[in-house]
Amino acid sequence: MFEALRKFGIAAAIGTMVLAGAVAGCGSMSSNHVDCNVVKLQQQSGRSDSEIAAAIGASVSDVSSCAAGPAKSGNKSSGGVPDSY
């Protein structure tokens, strides 16, 4: 009896950790965060805001807001793609 309860407790603890990890992982996937450095590179390559929004799964207004100000994420010291090597 004690062994069965012990196995159940271990299984319950593992299940709880797996569930907590899954919930935390899904939460980070649905953020409203747009990487403005990626948007800037896509704009430099000639893509429209609507094309970029569709490609990264964001709204057009979020993509357009990146053009209004400096990058808020990623490598802020990076100037993007270098002009020459």
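FYI, it's all coordinate maths here, none of it is from the lab. Because the structure is a prediction, the values reported are computed rather than measured. Glycine also receives a Cβ, built like all others from the backbone with ideal geometry; neighbour counts cover every protein chain displayed.
Sorted by average packing, counted as other Cβ atoms within 10 angstrom per residue and highest first, what order do 36-44, 53-61 take? Let's see the in-between values first.
Details: 36-44: 18.3, 53-61: 14.1.
Ranked from most to least packed, the peptides come out as 36-44, 53-61.
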Using a simple spin-label model with points 7 Å from Cα along the Cα→Cβ vector, what separation in nm is obtained for Leu5 and Gln44? 6.5 nm
